[in-house]
1. Regarding region A:74-84, can at least one residue be identified that is closer than 27 Å to B:Lys52 by Cα and either facing chain B (nearest Cβ under 10 Å) or assigned to a loop (DSSP other than H, G, I, E, B) (or both)?
2. Does A:Gln96 qualify as being more than 14 Å from chain B (Cβ to nearest Cβ) and part of a loop (DSSP other than H, G, I, E, B)?
3. Taking only region A:1-33 into account, find how many residues are without any contact (Cβ under 8 Å) to a residue 60 or more places away in the chain and charged (D, E, K, R).
4. As an exercise: evaluate B:Arg107 against (1) under 18 Å from A:Gly40 (Cβ atoms); (2) buried (at least 21 other Cβ atoms within 10 Å of the Cβ) and give the number of the one condition it does not meet.
5. Is it fair to say A:Ala82 is modelled with pLDDT of 95 or more and closer than 24 Å to B:Gln45 by Cα?
6. Taking the options A:Thr54, A:Thr20, A:Thr15, name whichever one is touching a Gly at 6+ places or on another chain (Cβ under 9 Å), farther than 24 Å from B:Gly103 by Cα and surrounded by fewer than 16 Cβ atoms within 10 Å (Cβ to Cβ).
7. Would you check if A:Gly105 is small (Gly, Ala, Ser), within 12 Å of another protein chain (Cβ to nearest Cβ), at negative phi and under 15 Å from the mean Cα position of the chain (by Cα)?
8. Name the single residue that is nearest to the other protein chains (Cβ to nearest Cβ) among those in region B:16-47 being in a loop (DSSP other than H, G, I, E, B) and crowded, with 17+ Cβ neighbours inside 10 Å.
Amino acid sequence: NAGVTQTPKFRVLKTGQSMTLLCAQDMNHEYMYWYRQDPGMGLRLIHYSVGEGTTAKGEVPDGYNVSRLKKQNFLLGLESAAPSQTSVYFCASSRQGSSETQYFGPGTRLLVL
Amino acid sequence: GDSVTQMEGPVTLSEEAFLTINCTYTATGYPSLFWYVQYPGEGLQLLLKATKADDKGSNKGFEATYRKETTSFHLEKGSVQVSDSAVYFCAPRTDNTDKLIFGTGTRLQVFP
(Lines give C-alpha, C1' and ligand atoms only; values in the text may rest on other atoms or scores of the structure.)
Protein backbone atom coordinates (compact mmCIF):
# COMPACT_ATOMS: atom_id res chain seq x y z
CA ASN A 1 0.00 0.00 0.00
CA ALA A 2 1.31 3.42 -0.97
CA GLY A 3 -1.16 5.21 1.33
CA VAL A 4 -1.57 8.85 0.29
CA THR A 5 0.64 10.17 -2.49
CA GLN A 6 0.97 13.69 -3.84
CA THR A 7 2.24 14.99 -7.17
CA PRO A 8 4.40 17.03 -7.66
CA LYS A 9 6.70 17.29 -4.65
CA PHE A 10 7.90 20.79 -5.49
CA ARG A 11 6.89 23.44 -8.00
CA VAL A 12 7.78 27.02 -8.80
CA LEU A 13 5.17 29.18 -10.52
CA LYS A 14 5.05 32.71 -11.76
CA THR A 15 2.20 34.96 -10.65
CA GLY A 16 -0.85 34.32 -12.82
CA GLN A 17 0.10 30.82 -13.91
CA SER A 18 -2.17 27.88 -13.24
CA MET A 19 -1.47 24.38 -11.97
CA THR A 20 -3.11 21.29 -10.55
CA LEU A 21 -1.94 19.30 -7.55
CA LEU A 22 -2.87 15.64 -7.55
CA CYS A 23 -3.64 13.54 -4.50
CA ALA A 24 -4.20 9.81 -4.70
CA GLN A 25 -5.08 7.28 -2.00
CA ASP A 26 -5.31 3.51 -2.21
CA MET A 27 -7.17 2.86 1.05
CA ASN A 28 -10.69 3.16 -0.37
CA HIS A 29 -11.39 6.12 1.90
CA GLU A 30 -14.54 8.15 1.46
CA TYR A 31 -13.21 11.42 2.80
CA MET A 32 -10.37 13.47 1.33
CA TYR A 33 -8.95 16.85 2.35
CA TRP A 34 -6.61 19.57 1.14
CA TYR A 35 -4.71 21.67 3.71
CA ARG A 36 -2.10 24.35 3.48
CA GLN A 37 0.62 24.85 6.07
CA ASP A 38 2.24 28.20 6.61
CA PRO A 39 4.86 29.13 9.23
CA GLY A 40 3.31 29.77 12.63
CA MET A 41 -0.22 29.00 11.45
CA GLY A 42 -0.58 25.25 11.69
CA LEU A 43 -2.71 23.54 9.06
CA ARG A 44 -5.72 25.22 7.50
CA LEU A 45 -8.39 23.35 5.58
CA ILE A 46 -8.86 24.54 1.99
CA HIS A 47 -11.48 22.14 0.59
CA TYR A 48 -12.67 18.67 1.38
CA SER A 49 -14.77 15.89 -0.07
CA VAL A 50 -17.03 13.36 1.64
CA GLY A 51 -17.39 11.17 -1.42
CA GLU A 52 -16.90 10.80 -5.15
CA GLY A 53 -18.44 13.71 -7.00
CA THR A 54 -18.87 15.90 -3.92
CA THR A 55 -16.74 18.77 -2.63
CA ALA A 56 -17.11 21.45 0.02
CA LYS A 57 -15.31 24.59 1.14
CA GLY A 58 -13.08 24.63 4.14
CA GLU A 59 -11.59 27.50 6.10
CA VAL A 60 -9.54 29.15 3.31
CA PRO A 61 -11.06 28.20 -0.10
CA ASP A 62 -10.55 31.45 -2.02
CA GLY A 63 -8.29 31.11 -5.06
CA TYR A 64 -8.59 27.32 -5.19
CA ASN A 65 -10.86 24.83 -6.88
CA VAL A 66 -11.12 21.07 -6.42
CA SER A 67 -12.57 18.05 -8.11
CA ARG A 68 -13.25 14.46 -7.01
CA LEU A 69 -14.17 12.61 -10.19
CA LYS A 70 -12.80 9.31 -8.91
CA LYS A 71 -12.96 8.08 -5.34
CA GLN A 72 -9.21 7.60 -5.12
CA ASN A 73 -8.20 11.01 -6.49
CA PHE A 74 -8.66 14.56 -5.23
CA LEU A 75 -7.34 17.40 -7.38
CA LEU A 76 -6.53 20.91 -6.17
CA GLY A 77 -6.37 23.64 -8.80
CA LEU A 78 -4.93 27.12 -8.76
CA GLU A 79 -6.35 29.06 -11.69
CA SER A 80 -4.21 32.17 -11.29
CA ALA A 81 -1.44 31.74 -8.77
CA ALA A 82 -0.57 34.55 -6.37
CA PRO A 83 2.47 34.96 -4.08
CA SER A 84 0.13 34.55 -1.09
CA GLN A 85 -0.39 30.95 -2.22
CA THR A 86 3.24 30.11 -1.56
CA SER A 87 2.89 27.33 0.98
CA VAL A 88 3.21 23.63 1.65
CA TYR A 89 0.09 21.72 0.64
CA PHE A 90 -0.97 18.50 2.30
CA CYS A 91 -3.60 16.05 1.23
CA ALA A 92 -5.25 13.66 3.66
CA SER A 93 -7.85 10.91 3.55
CA SER A 94 -9.94 9.00 6.05
CA ARG A 95 -12.94 6.78 6.56
CA GLN A 96 -16.16 8.42 7.66
CA GLY A 97 -16.50 9.04 11.39
CA SER A 98 -14.95 11.33 13.96
CA SER A 99 -12.94 8.53 15.54
CA GLU A 100 -11.24 7.63 12.29
CA THR A 101 -7.64 8.61 11.64
CA GLN A 102 -6.76 11.01 8.84
CA TYR A 103 -3.77 9.82 6.84
CA PHE A 104 -1.56 12.50 5.32
CA GLY A 105 0.52 12.66 2.17
CA PRO A 106 4.14 13.86 2.11
CA GLY A 107 3.25 17.37 0.93
CA THR A 108 3.81 19.60 -2.08
CA ARG A 109 5.97 22.67 -1.67
CA LEU A 110 4.77 25.49 -3.92
CA LEU A 111 6.63 28.73 -4.51
CA VAL A 112 4.86 31.51 -6.41
CA LEU A 113 7.12 34.30 -7.63
CA GLY B 1 -16.28 28.03 17.09
CA ASP B 2 -14.21 24.94 17.58
CA SER B 3 -10.59 25.60 18.47
CA VAL B 4 -7.49 24.14 20.06
CA THR B 5 -4.78 25.79 22.14
CA GLN B 6 -1.31 24.35 22.52
CA MET B 7 1.62 25.65 24.48
CA GLU B 8 3.89 27.76 22.36
CA GLY B 9 7.26 26.41 21.45
CA PRO B 10 9.92 25.72 20.97
CA VAL B 11 10.19 23.36 23.89
CA THR B 12 13.86 22.65 24.43
CA LEU B 13 14.91 19.62 26.48
CA SER B 14 17.94 17.51 27.15
CA GLU B 15 17.85 13.85 26.26
CA GLU B 16 16.06 11.68 28.87
CA ALA B 17 14.11 14.65 30.27
CA PHE B 18 10.37 14.46 30.99
CA LEU B 19 8.09 16.01 28.40
CA THR B 20 4.68 17.61 28.75
CA ILE B 21 2.95 19.47 25.94
CA ASN B 22 -0.33 21.00 27.04
CA CYS B 23 -3.42 20.95 24.85
CA THR B 24 -6.89 22.28 25.56
CA TYR B 25 -9.77 22.44 23.14
CA THR B 26 -13.20 23.87 22.54
CA ALA B 27 -15.49 21.68 20.47
CA THR B 28 -19.18 20.95 20.22
CA GLY B 29 -20.42 17.47 20.87
CA TYR B 30 -18.03 14.67 21.78
CA PRO B 31 -14.89 14.93 19.71
CA SER B 32 -12.23 12.30 19.27
CA LEU B 33 -8.78 13.61 20.13
CA PHE B 34 -5.58 13.10 18.15
CA TRP B 35 -1.91 13.90 18.48
CA TYR B 36 -0.01 14.09 15.20
CA VAL B 37 3.75 14.44 14.78
CA GLN B 38 5.58 16.08 11.89
CA TYR B 39 9.27 15.32 11.45
CA PRO B 40 11.37 17.80 9.47
CA GLY B 41 10.47 17.82 5.79
CA GLU B 42 7.70 15.24 6.16
CA GLY B 43 3.93 15.05 6.35
CA LEU B 44 1.93 14.49 9.51
CA GLN B 45 1.78 11.07 11.11
CA LEU B 46 -0.66 9.88 13.72
CA LEU B 47 1.07 9.55 17.07
CA LEU B 48 -1.87 8.51 19.24
CA LYS B 49 -5.57 9.05 19.72
CA ALA B 50 -8.42 8.71 22.22
CA THR B 51 -12.05 8.49 21.25
CA LYS B 52 -13.92 8.90 24.51
CA ALA B 53 -13.59 10.43 27.95
CA ASP B 54 -10.93 8.91 30.24
CA ASP B 55 -9.39 6.92 27.37
CA LYS B 56 -5.60 6.92 27.29
CA GLY B 57 -3.82 6.84 23.96
CA SER B 58 -0.23 5.65 23.86
CA ASN B 59 2.50 5.00 21.30
CA LYS B 60 6.32 5.07 21.21
CA GLY B 61 6.45 5.97 24.91
CA PHE B 62 4.09 8.93 24.49
CA GLU B 63 0.79 9.07 26.39
CA ALA B 64 -2.23 11.35 26.54
CA THR B 65 -5.49 11.02 28.49
CA TYR B 66 -8.84 12.38 27.30
CA ARG B 67 -10.01 14.68 30.10
CA LYS B 68 -13.53 15.75 29.30
CA GLU B 69 -14.03 17.75 32.51
CA THR B 70 -11.05 20.00 31.72
CA THR B 71 -11.31 19.65 27.90
CA SER B 72 -7.65 18.73 27.77
CA PHE B 73 -5.43 16.13 26.09
CA HIS B 74 -1.91 16.78 27.35
CA LEU B 75 0.94 14.83 25.75
CA GLU B 76 3.60 13.27 28.01
CA LYS B 77 6.72 11.19 27.66
CA GLY B 78 8.91 10.06 30.50
CA SER B 79 12.27 10.18 28.71
CA VAL B 80 12.68 11.99 25.41
CA GLN B 81 15.25 11.15 22.76
CA VAL B 82 16.95 13.30 20.15
CA SER B 83 14.88 11.47 17.54
CA ASP B 84 11.70 12.90 19.12
CA SER B 85 12.61 16.36 17.82
CA ALA B 86 9.62 17.36 15.69
CA VAL B 87 6.48 19.48 15.64
CA TYR B 88 3.52 18.06 17.57
CA PHE B 89 -0.09 18.90 16.77
CA CYS B 90 -3.08 18.33 19.01
CA ALA B 91 -6.25 18.01 16.95
CA PRO B 92 -9.80 17.30 18.02
CA ARG B 93 -12.07 15.84 15.38
CA THR B 94 -15.61 16.94 15.89
CA ASP B 95 -18.45 14.48 15.61
CA ASN B 96 -20.75 16.88 13.82
CA THR B 97 -18.40 17.81 10.96
CA ASP B 98 -15.78 15.05 10.94
CA LYS B 99 -13.14 17.77 10.54
CA LEU B 100 -9.82 17.96 12.37
CA ILE B 101 -9.19 21.23 14.18
CA PHE B 102 -5.50 22.16 14.17
CA GLY B 103 -3.64 24.58 16.33
CA THR B 104 -0.26 26.06 15.49
CA GLY B 105 1.67 23.05 16.77
CA THR B 106 4.49 22.84 19.32
CA ARG B 107 8.07 22.42 18.20
CA LEU B 108 10.15 20.10 20.39
CA GLN B 109 13.93 20.24 20.27
CA VAL B 110 15.87 17.58 22.15
CA PHE B 111 19.61 17.97 22.61
CA PRO B 112 22.10 15.23 23.56
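1. Checked against the condition, which is being closer than 27 Å to B:Lys52 by Cα and either facing chain B (nearest Cβ under 10 Å) or assigned to a loop (DSSP other than H, G, I, E, B) (or both), region A:74-84 yields no hits at all.
2. No.
3. Residues in region A:1-33 being without any contact (Cβ under 8 Å) to a residue 60 or more places away in the chain and charged (D, E, K, R): 1 in total.
4. With (1) under 18 Å from A:Gly40 (Cβ atoms); (2) buried (at least 21 other Cβ atoms within 10 Å of the Cβ) applied to B:Arg107, the lone miss is (2).
5. no
6. Answer to the selection: A:Thr20.
7. Against the criterion (small (Gly, Ala, Ser), within 12 Å of another protein chain (Cβ to nearest Cβ), at negative phi and under 15 Å from the mean Cα position of the chain (by Cα)), A:Gly105 qualifies.
8. Our first condition is that a residue be in a loop (DSSP other than H, G, I, E, B); within region B:16-47, this holds for B:16-18, B:22, B:27-31, B:39-43.
Narrowing the set further to residues that are crowded, with 17+ Cβ neighbours inside 10 Å leaves B:27, B:31, B:43.
Numbers: B:Ala27: 10, B:Pro31: 6, B:Gly43: 4 Å.
Only one residue fits best here, namely B:Gly43.
The values are calculated or read from the model by the stated rules, or taken from the named source; none is laboratory data. It should be emphasised that the depicted structure is a prediction, and the values quoted were computed from it without experimental measurement. Note that each Cβ is placed from the backbone with ideal geometry, even for glycine, and that neighbours are counted across all protein chains shown.
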